[in-house]
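Chemist: Have a look at this one before I ask anything.
The values are calculated or read from the model by the stated rules, or taken from the named source; none is laboratory data. The model shown is predicted, which means the values in this text are computed figures rather than measured ones. Glycine gets a Cβ as well: all are built from the backbone with ideal geometry, and neighbour counts include every protein chain shown.
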Amino acid sequence: MKLFWVIFDRTTEVMAGIAGVILVFICAATCYTIGMRFLFRQTTIWITQTTEYALLWIVFLGTTWLLREGGHITTDIIYSHLSQKTKRRLDIVMFVAGAIACLFMVYFGIDHVRECISRNVTDVRAVTLPKWPLFVIIPIGSALLATQFFRMAWKRFADGEVR
């Protein structure tokens, strides 16, 4: 089981790294198109479409790593006043609820990708693209995120730690 978690953690780190590279690409592409528009009165039509899908990919590539590292925004006005036992129980409930929500996204993501494949759905804008490769990251990222939520719930249940 330890090998599974090592591979899982390495996968999430690589995915977060890819998300970072995509973010740098978005910044560079946006600066490029602004410069082209300002200097030459011409724009690159594919950048807006690419940026939209890149933002989707960044979310689903990076959230599992971010959750593991505790980087999500939290509001702990009430939480900080709870007892350790209540905090532990609340953490478990919230982690399981997060995992279940992610499993719904896995299901609906797979269904959407399947539908895009079976109907040969394309995005017809600046560049015509099949939609299924663009949306395949949703069930993949959601499955990894659900796994991390269950991992955190189990860890909190088993030994009272949150990672």
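Chemist: Considering only residues that are within 15 Å of residue 156 (Cβ to Cβ) and aliphatic (A, V, I, L, M), which ones fall in the stretch 75-90?
Modeler: Across the stretch 75-90, the qualifying residues are 82, 90.
Chemist: Could we say that residue 54 is over 13 Å from the mean Cα position of the chain (by Cα) and among the small types (Gly, Ala, Ser) here?
Modeler: Criteria not met by residue 54.
Chemist: Hey, among 61, 55, which residue is of a type outside the set (Val, Ile, Thr), touching a residue at least 12 places away in the same chain (Cβ under 8 Å), part of a helix (DSSP H, G or I) and crowded, with 16+ Cβ neighbours inside 10 Å?
Modeler: Exactly one residue qualifies, and that residue is 61.
Chemist: Follow-up. Given the conditions (1) within 15 Å of the chain's Cα centre (by Cα); (2) on the phi < 0 side of the Ramachandran plot; (3) surrounded by fewer than 17 Cβ atoms within 10 Å (Cβ to Cβ), report the number of the one that residue 70 does not fulfil.
Modeler: (2)
Chemist: Here's another thing I want to ask about it. What number goes with the only condition from (1) free of Cβ contacts under 8 Å to residues at least 60 places away in the same chain; (2) closer than 20 Å to residue 134 by Cβ that residue 93 does not pass?
Modeler: All conditions pass for residue 93, except number (2).
Chemist: Quick one: count up the residues across the stretch 154-163 that are more than 22 Å from the chain's Cα centre (by Cα) and not in a helix (DSSP H, G or I).
Modeler: 2
Chemist: Do you know which residues across the stretch 104-141 are assigned to a loop (DSSP other than H, G, I, E, B) and under 21 Å from residue 12 (Cβ atoms)?
Modeler: 136 - this is the single residue of the stretch 104-141 that is assigned to a loop (DSSP other than H, G, I, E, B) and under 21 Å from residue 12 (Cβ atoms).
Chemist: Hey, among 114, 119, 151, 88, which residue is basic (Lys, Arg), at pLDDT 95 or above, over 21 Å from the mean Cα position of the chain (by Cα) and farther than 28 Å from residue 24 by Cβ?
Modeler: 119
Chemist: Could I ask something else about it? Quick check on the stretch 1-42: of everything there that is polar (S, T, N, Q) and closer than 27 Å to residue 140 by Cα, which residue is surrounded by the most Cβ atoms within 10 Å (Cβ to Cβ)?
Modeler: Top of the filtered list is 12.
Chemist: Against the definition (more than 23 Å from residue 16 (Cα to Cα), hydrophobic (A, V, I, L, M, F, W, C) and touching a helix residue (DSSP H, G or I) at 6+ places or on another chain (Cβ under 8 Å)), how does residue 121 come out, yes or no?
Modeler: Considered against the rule, which asks whether it is more than 23 Å from residue 16 (Cα to Cα), hydrophobic (A, V, I, L, M, F, W, C) and touching a helix residue (DSSP H, G or I) at 6+ places or on another chain (Cβ under 8 Å), residue 121 comes out as yes.
Chemist: Mind checking which residues of the stretch 110-135 are of a type in the set (A, V, I, L, M) and either more than 30 Å from residue 91 (Cα to Cα) or free of Cβ contacts under 8 Å to residues at least 24 places away in the same chain (or both)?
Modeler: 113, 117, 121, 124, 126, 127, 129, 134
Chemist: With respect to residue 77, is the statement that it is over 26 Å from the mean Cα position of the chain (by Cα) and loosely packed, with under 10 Cβ neighbours inside 10 Å true?
Modeler: Yes, satisfied.
Chemist: Looking at 66, 82, 56, which one is out of contact with any helix residue (DSSP H, G or I) (no Cβ under 6 Å at 6 or more places or on another chain) and over 19 Å from residue 143 (Cα atoms)?
Modeler: 82
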